[in-house]
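Note sheet for the following structure.
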Protein chains: 2
Amino acid sequence: MKHTPADLLPEVFETLLDNEHLKIERIISKGHTSPESGWYDQAQHEWVILLEGAATITFDNGKESNLRKGDYLNIPAHVKHKVSWTDPDVESIWLAVFYGDIQ
Amino acid sequence: MKHTPADLLPEVFETLLDNEHLKIERIISKGHTSPESGWYDQAQHEWVILLEGAATITFDNGKESNLRKGDYLNIPAHVKHKVSWTDPDVESIWLAVFYGDIQ
């Protein structure tokens, strides 16, 4: 298994807003995929926009979304997905908005 | 009154998401201020982040927030505010998230 220094840095999660309506996070990835195993399966809806970099989100039905700077996606609650690729050469910056009732 | 070509272009508003929980807009300004007169006085809360450029938001209590790329602000419903300045030399790109019950 080959490591570059960037691989060794964890993803950076920063909460920008957290109240009864919304949670907004800024996430900085560089070559990371997540979660480490399995799928995200979230109780809330998530709207996500890629502010910098390049990334791929894969869904458990096999569909893939390739995102570039400015691309965005709405992921309804309990739609299983993962970040299957982020560009290893540049920082990818996400803004993720979690919303809707906890189910 | 001096006009540059950029002054003559309107602000660009693009709705990225609109559902029962949230409305998300991307707004591109270049030297614009808004609204043209008076204040924004909104029924919903607004969380806004400046993705590119530089801008100033002024509140009716006299306070000002100077925003640079990556800076963000939460504006509760009915807090009167306006965009009093945006950099005339570059595009300022906003992402605005409107949320909460209509009051």
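The values are calculated or read from the model by the stated rules, or taken from the named source; none is laboratory data. In this text, all values refer to a predicted model and were calculated from it rather than measured experimentally. Cβ: placed from backbone, ideal geometry, glycine included. Neighbour counts: every protein chain shown. Accessible surface areas use protein heavy atoms only, side chains included; no ligands, DNA or RNA. Shrake-Rupley method; radii C 1.70, N 1.55, O 1.52, S 1.80 Å.
Can you name every residue in segment A:48-82 that is among the aliphatic types (A, V, I, L, M) and either buried (at least 19 other Cβ atoms within 10 Å of the Cβ) or assigned to a loop (DSSP other than H, G, I, E, B) (or both)?
Matches in segment A:48-82: A:Val48, A:Ile49, A:Leu50, A:Leu51, A:Ala55, A:Ile57, A:Leu67, A:Ile75, A:Ala77, A:Val79.
If we keep just the residues of segment A:83-103 that are open to solvent by 60 Å² or more (accessible area, probe 1.4 Å) and over 11 Å from A:Ser29 (Cα atoms), which is modelled with the highest pLDDT?
Looking at the filtered set, the residue picked out is A:Asp101.
If B:Arg26 satisfies every condition in (1) more than 10 Å from chain A (Cβ to nearest Cβ); (2) among the charged types (D, E, K, R); (3) surrounded by 13 or more Cβ atoms within 10 Å (Cβ to Cβ) but one, which is the exception?
Result: B:Arg26 passes all but (1).
Does segment A:7-22 include one or more residues that are outside any strand (DSSP E or B), away from chain B (no Cβ under 13 Å), on the phi > 0 side of the Ramachandran plot and not hydroxyl-bearing (Ser, Thr, Tyr)?
no
Restricting attention to segment A:88-102, does a residue exist that is β-branched (Val, Ile, Thr), more than 14 Å from chain B (Cβ to nearest Cβ), touching a residue at least 40 places away in the same chain (Cβ under 8 Å) and not in a loop (DSSP other than H, G, I, E, B)?
Looking through segment A:88-102, none of the residues is β-branched (Val, Ile, Thr), more than 14 Å from chain B (Cβ to nearest Cβ), touching a residue at least 40 places away in the same chain (Cβ under 8 Å) and not in a loop (DSSP other than H, G, I, E, B).
Take the residues in segment B:61-87 that are on the phi < 0 side of the Ramachandran plot and among the small types (Gly, Ala, Ser); name whichever of them is nearest to the other protein chains (Cβ to nearest Cβ).
Going through the qualifying residues, I end up with B:Ala77.
How many residues are in contact with a Phe, Trp or Tyr (Cβ under 6 Å, 6 or more places away or on another chain) and either outside any loop (DSSP other than H, G, I, E, B) or exposed (fewer than 13 other Cβ atoms within 10 Å of the Cβ) (or both) if we restrict to segment A:29-47?
Qualifying residue count, segment A:29-47: 2.
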